[in-house]
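Trainee: Once you've had a glance at the structure underneath, I'll fire off some questions.
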Amino acid sequence: MNKKGNLSIDSENIFPIIKKWLYSDQDIYIRELISNGVDAIQKRKKLSMLGEVASDENVDYQIHVVLDPENKTITVSDNGIGMTADEVEKYITQIAFSGATEFLEKYKDAGEDTIIGHFGLGFYSAFMVSSMVEIETLSATEGAAPVHWTCDGSSTYEMTEGTRSEVGTDIILHVNEDGEKYLETWEMRKIVEKYCSFMPVPIFLNNIEDDKKAEEARIERNKKGQEEHDKKVQEAKEKGEEEPAPFVPEVAYKQDAINDPSPLWLKNPSDCTDDEYKEFYRKVFMDFKEPLFWIHLNMDYPFNLKGILYFPKLGNEFESAEGQVKLYCNQVFVADNVKEIIPEFLLLLKGVIDCPDIPLNVSRSFLQNDKQVQKISEYITRKVADKLKSLYNTDRENYEKYWDDIHPFIKYGCLRNEKFLERVQDVVIYKSAMTDKFITLPEYLEAAKETHENKVFYTNDARQQAQYLKVLKDQGYDALVLNTLIDTSFITMLEQKNEGVKFLRVDADLNQALREDDATIDANTTSTLETLFKKALNKENLKIRVESLKDDSISAMIELSEESRRMQDMMKMYGQMGMMMGMPGMEADETLVLNQKNTLVSRLIKKPEDEVSTLIAAQVYDLARLSHEPLEADALNAFIQRSQEIMEKL
């Protein structure tokens, strides 16, 4: 057999298209070639089972990737079904034809073996790194002859009788200059592990030069070991001593596959142990901090999907979390964090999802418009929500332990996904600043009916706002702890979803709980204090209000409207505080509330012209600010110096 011909393609320029545009990552060629090998093995298994080819009872199915730096070749070998000359003609020279598609259609009712299905264009990805590609193949069909096929990247090929003696296929890549880096063992191993770590057939990687050196070193060690042993035997004989035990030569190293053909996600969840889940997590994500908990996805209808999603320790801020959800198709890696399939908020998690219904190479626009993809995304969202609800209802103690780590994720999910919010809104919990126990929003609102109906007090810094919390606690009120950046957006969303409910930070919009009922505020008192504080602070636009607070130990408080404070928090989140400082109306929303019952304020009312009163006024203002937010460096230095000066004068 000796045949030459033209490849059956629509354009003679298909190779530049393949090399530049068909695949976004050059190294994906190895995934395609190994996937083809897996398909070939699955075909042979199925046809052997059906009796259409010889029995494979004694066949040890494997795929080998062999690097030959000296000859600059990469060989991908499998012992799968192989090809006849007619099949090479059909599957290789007719580039647009998919042999896997035809095979699946023919045998769709004969079993559940997985065919990845990319021997068409997938094979030609080899030309991304090759100046010439050869195929040596022998079909499992009885009486088939071996075939050799070669192509140099032009639109012509040559096919002759081959030399392969065992059933299977070798794809031999003669790498070009761009492909030489793949002759390095560490580089190839990294790529194979990235794409093929869980393919269903054992994969072995060899470097001919490295193997040769290792074998020569083993032979040399055995030679020296035998010589030393012989010397000891001779010495023992001469001394009349007992001879040493026979020398045991070092045998050739038995290589292990570099992949795991049976990943944990394929097992039934009831057959998996906690230790297996944790070990799989460490192995895949190289994260040695234990995950909090996990969800094992296992669905066969109406679509096929398996996987495991882990909840890592997120900490208090979701912005710094680096999740990683790996998408697989029939155990072949496709991509990390494909948000069209995996809801965006779930990308804060870590995990693997294997969905055979998603093709290996597909455009984002296809994923965005595919209804099946949308159903998969909805299913994953539902399973995560169901897991959280199950934990809340059956393991509340651990759920509360996890809360500090998972609440930013849950709140982010509620903000980003309406259906997720609907499913988990009843299991969102809040820590009480007063009791340190967890309660739900409905529980808080029910308890507040008699005193502050539909008003929810909260703190974002219990230490900084301790003074305000103490006053509320003394009045029998509760406050929730909401101390992450996402909480500002989250409570705004809650107000929109719960008509009439209003969240108020404990130091915003001074509430009635802090004021004396029916207290009389003298206009002259207000005028006196206003003049004194504006002069002492050199702030003509300072807003001052005099109140009679229930706690006479409080001299003053800074009051900032809830709207302005939330605006500040949003600016902090997006790093725009500098812009905000110049925004009109921001400083005007800040009010200094003075407590006329306090001893210091009473002294200021009586002696407004006193030199010490000016110092005390500035000190009272800074004390109020300290209960509101930390002082900046210059203000803090002035506060300390002024404290010393006041003590010296008094």
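The values are calculated or read from the model by the stated rules, or taken from the named source; none is laboratory data. Bear in mind that the values here come from a model prediction, so they are computed numbers and not experimental data. Every residue, glycine among them, receives a Cβ derived from its backbone with ideal geometry; neighbour counts consider all protein chains shown. Note: areas computed on protein heavy atoms with side chains; ligands, DNA, RNA excluded. Shrake-Rupley method; radii C 1.70, N 1.55, O 1.52, S 1.80 Å.
Trainee: Based solely on its DSSP helices, what 222 nm [θ] is calculated for the chain when runs of n ≥ 4 H residues each add -39,500 (n - 2.57) and the sum is averaged over all residues, nearest 500 deg cm²/dmol?
Mentor: -12500 deg cm²/dmol
Trainee: Under a 1.4 Å probe, what is the accessible area of the chain per residue, stated in Å²?
Mentor: Accessible surface, normalised per residue, equals 51 Å².
Trainee: What does the charge count around PHE311 come to, taking other residues whose C-beta lies under 11 Å from its C-beta (Lys +1, Arg +1, Asp -1, Glu -1)?
Mentor: +1
Trainee: Please list, in order along the range 217-226, the HN-Hα scalar couplings obtained from phi with the Karplus expression 6.51 cos²θ - 1.76 cosθ + 1.60 (θ = phi - 60°), rounded to whole Hz, x for Gly and Pro.
Mentor: Those phi angles translate into 5, 5, 5, 5, 5, 5, 4, 5, x, 5 Hz.
Trainee: Hey, another quick one. If one computes the Cα centroid of the range 117-193 and of the range 597-650, what distance in Å separates the two points?
Mentor: The range 117-193 and the range 597-650 have Cα centres spaced 83 Å from each other.
Trainee: How big is the C-alpha Rg of the chain next to the rule-of-thumb value 2.2 N^0.38 Å, as a ratio?
Mentor: Numbers: Rg = 37.0 Å, N = 650, 2.2 N^0.38 = 25.8 Å.
It is 1.43.
Trainee: Please state the charge dipole magnitude for the chain, taken about the Cα centre, from unit charges on C-beta atoms (+1 on K and R, -1 on D and E), reported in debye and rounded to the nearest 20. Present the calculation step by step, with values, prior to reporting the outcome.
Mentor: Values: 79 positive and 117 negative charges, 347 e Å.
Dipole size: approximately 1660 debye.
Trainee: Take every Cα pair under 8 Å in the range 373-466 that's 6+ residues apart, average their separations, divide by the length, and report that relative contact order as a whole percent.
Mentor: Reported relative contact order: 18 percent.
Trainee: Under unit Cβ charges (Lys, Arg +1; Asp, Glu -1), what dipole magnitude, rounded to 20 debye, does the range 497-549 have relative to its Cα centre? Each step should come with its number before you reach the end.
Mentor: Values: 9 positive and 10 negative charges, 78 e Å.
Once rounded to the nearest 20, the dipole reads 380 debye.
Trainee: In what order, largest first, do ASP271, ASP86 sit by accessible area if the probe radius is 1.4 Å? Let's see the in-between values first.
Mentor: On the way: ASP271 95, ASP86 125 Å².
Order by accessible area, largest first: ASP86, ASP271.
Trainee: If you average the alpha carbon positions of the range 452-501 and of the range 388-410, how far apart do those two centres end up, in angstrom?
Mentor: 21 Å
Trainee: Continuing with this model, one more query. According to the square roots a ≥ b ≥ c of the eigenvalues of the Cα gyration tensor, what is the shape class of the range 161-304, taking rounded for a/c under 1.5, prolate for a/b larger than b/c otherwise, and oblate for the remainder?
Mentor: Working: a/c = 2.77, a/b = 1.61, b/c = 1.72.
Oblate, since a/c reaches 1.5 and b/c is not below a/b.
Trainee: So what's the angle, to the nearest 10 degrees on a 0 to 90 scale, between helix 633-649 and the longest Cα principal axis of the chain?
Mentor: The helix 633-649 is inclined about 30 degrees to the chain.
Trainee: Next question. Shape call for the range 335-483 from the C-alpha gyration tensor, a ≥ b ≥ c root eigenvalues: rounded (a/c under 1.5), prolate (a/b greater than b/c) or oblate?
Mentor: The shape class here is prolate.
Trainee: Among residues other than ARG382 whose Cβ falls under 11 Å from its Cβ, what is the net charge (Lys/Arg +1, Asp/Glu -1)? Before the final figure, lay out the partial values.
Mentor: On the way: positive: LYS375, LYS383, LYS387, LYS389, LYS419, ARG423; negative: GLU378, ASP386, GLU422.
Computed value for this residue: +3.
Trainee: Right, something else. Summing +1 for each Lys or Arg and -1 for each Asp or Glu, what net charge is found among the other residues whose Cβ lies under 13 Å from the Cβ of GLU609?
Mentor: Its environment carries a net charge of +2.
Trainee: On a 0 to 90° scale, report how tilted helix 185-196 is relative to the longest principal axis of the chain, with both axes built from alpha carbons and the result rounded to the nearest 10.
Mentor: The angle comes out at about 70 degrees.
Trainee: Taking a ≥ b ≥ c as the square roots of the Cα gyration tensor eigenvalues, with a/c under 1.5 meaning rounded and otherwise prolate when a/b beats b/c, else oblate, which class fits the range 172-214?
Mentor: Details: a/c = 1.99, a/b = 1.26, b/c = 1.58.
Oblate is the answer for the range 172-214, as a/c is 1.5 or above yet b/c matches or exceeds a/b.
Trainee: Could you give the distance between the Cα centres of the range 230-304 and the range 527-569, to the whole Å?
Mentor: Centre-to-centre distance over Cα atoms comes out at 69 Å.
Trainee: Using packing as a proxy for protection, rank 255-261, 54-60 so that the peptide with the highest average count of other Cβ atoms within 10 Å comes first.
Mentor: 255-261, 54-60
Trainee: If you count the DSSP beta bridges with both ends in the chain, what percent of them are antiparallel, to the nearest 5?
Mentor: Values: 61 of 83 bridges.
For the chain, the DSSP antiparallel bridge percentage is about 75.
Trainee: Leaving out same-chain residues fewer than 8 places away, which lysines sit with a Cα under 22 Å from that of LYS437?
Mentor: Partners found: LYS313, LYS389, LYS401, LYS411, LYS449, LYS455, LYS470, LYS473, LYS502.
Trainee: Another one. Once both axes come from the Cα atoms, what is the angle between helix 611-626 and the longest principal axis of the chain, in degrees from 0 to 90, rounded to 10?
Mentor: Around 30 degrees separate the two axes.
Trainee: Let me ask something else. Just name one of VAL546, TRP294, ALA466: the one whose Cα is farthest towards the positive end of the charge dipole of the chain (beta-carbon charges, Lys/Arg +1, Asp/Glu -1).
Mentor: VAL546
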